[in-house]
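Q: Here it is, the structure, as structure tokens.
The values are calculated or read from the model by the stated rules, or taken from the named source; none is laboratory data. Every value quoted in this text rests on a predicted model; they were computed, and no experiment measured them. Neighbour counts run over all protein chains shown; Cβ positions are idealised from the backbone, glycine included. Accessible surface areas use protein heavy atoms only, side chains included; no ligands, DNA or RNA. Shrake-Rupley method; radii C 1.70, N 1.55, O 1.52, S 1.80 Å.
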Amino acid sequence: MGDEDLAARLAQGAGRLLLALRETSCLEGRALGAVADQVANAFILTALRQWRPDDCILSEESPDDPERLSHLRLWIIDPLDGTREYVEGRSDWAVHVALAVQGKPAAGAVAVPALDRLYRSDRVEARIGSRPRPLMLVSRTRAPAGAEAIAAAIGADVAPMGSAGAKAMAVVAGDADLYVHAGGQHEWDNCAPAAVAIGAGLHASRIDGTPLLYNGPDTMVPDLIIGRPDLAARAIAFLQSQSAI
């Protein structure tokens, strides 16, 4: 089984488990979120250890193993991205499974289970919506301070959404045109979305235009931008002009 096939099967399988748990469990609130995180994490990690025993794994829900820094191949996992949205019964949550090779997002899959959508880096093509104005997505809880200024500069409307994976895949699907985040994330928040976006022909980078790199000693990723190449270039140019003032 190839890396893309494995990533897709794991993301989809974990998503189905999470849907079943939410629909049939007597748990709710934080208890539901805690169990969901652990169930999805256990499923993905167990399968990876069976199918890729020589690779290292970085997961939001597991202790970080410094040994990963000496490995060229690293699976980067967010078993439930958007726990708050999941618990609230919303659809904007996702499962992220990605493989970084030498620090670059080489393969990935993002499942948006509540919408019955699966996106994989090797079988995806970005769509362009037919809106009169571009739509820029930002975090529901941590929208970047300059979001309105960026939107004004590129002539876009702004809308909040939950999970990073849900926002990035909305751009891939053509439901939005740009996703900007500057509130800090971890590698597991955006490696799989970046892999899929790049595979779809979209732009994915830091907001200063530099590449997104993974398997660093610090898992923090301060910011990112994913979207249509033309809009991403305009947003990056605007941000660079502001930093130069």
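Q: Roll a 1.4 Å probe over the protein chains and send me the accessible area per residue for the range 69-155 in Å².
A: Details: 4080 Å² over 87 residues.
I get 47 Å² per residue for this part.
Q: Over the residues of the chain, compute the C-alpha Rg and express it relative to 2.2 N^0.38 Å.
A: With N residues counted in the chain, Rg over 2.2 N^0.38 Å equals 0.96.
Q: Looking only at the range 196-240, which residues have a backbone nitrogen under 11 Å from a spot 7 Å from the Cα of Asp64 in the C-beta direction?
A: Hits in the range 196-240 for Asp64 at 11 Å: 215-221.
Q: Please work out the Kirkwood hydrodynamic radius for the range 108-198, using every pair of different C-alpha atoms, and report it in angstroms with one decimal place.
A: Details: mean 1/r = 0.0745 Å⁻¹.
Hydrodynamic radius (Kirkwood, Cα pairs) of the range 108-198 is 13.4 Å.
Q: Any chance you could give the angle, 0 to 90 degrees and rounded to 10, that helix 3-24 forms with the longest Cα principal axis of the chain?
A: For 3-24 against the chain, the angle is about 80 degrees.
Q: Using the heavy atoms of the protein chains and a 1.4 angstrom probe, tell me the accessible area per residue for the range 160-245 in square angstrom.
A: Heavy-atom SASA per residue in the range 160-245 reads 34 Å².
Q: In whole angstrom, note down how far apart the Cα centers of the range 32-81 and the range 207-237 are.
A: Result: 24 Å between the Cα centres.
Q: Of all DSSP beta bridges in the chain, what percent run antiparallel (nearest 5)?
A: Within the chain, antiparallel bridges account for around 70 percent of the total.
Q: Within the range 49-65, list the residues whose amide N lies under 12 Å from a label point set 7 Å along Cα→Cβ of Leu21.
A: Only 61 pass the distance filter.
Q: Out of the total accessible area of the chain (probe 1.4 Å, heavy atoms of protein only), what percent is carbon and sulfur?
A: Using a 1.4 Å probe with all protein chains present, the chain comes out at 51 percent carbon and sulfur.
Q: Right, here's the next one. Amide H neighbours of Ile57 under 5 Å, at least 5 residues apart or on other chains, H built in the peptide plane: list them.
A: Answer set, sorted by chain and number: Trp75.
Q: What's log10 of I(q)/I(0) for the range 138-245 at q = 0.10, 0.11, 0.14, 0.20 Å⁻¹, Debye sum over Cα points only, no solvent?
A: Computed log10 I(q)/I(0) values: -0.24, -0.29, -0.48, -1.03.
Q: In deg cm²/dmol, rounded to 500, what helix-only [θ] at 222 nm does the chain give when every DSSP H run of at least 4 residues adds -39500 (n - 2.57) and the total is split over its residues?
A: -12500 deg cm²/dmol
Q: Compare Arg123, Arg117, Arg234 by solvent-accessible area with a 1.4 Å probe and give them largest first, with all protein chains kept in place.
A: Most to least solvent-accessible, the answer reads Arg123, Arg234, Arg117.
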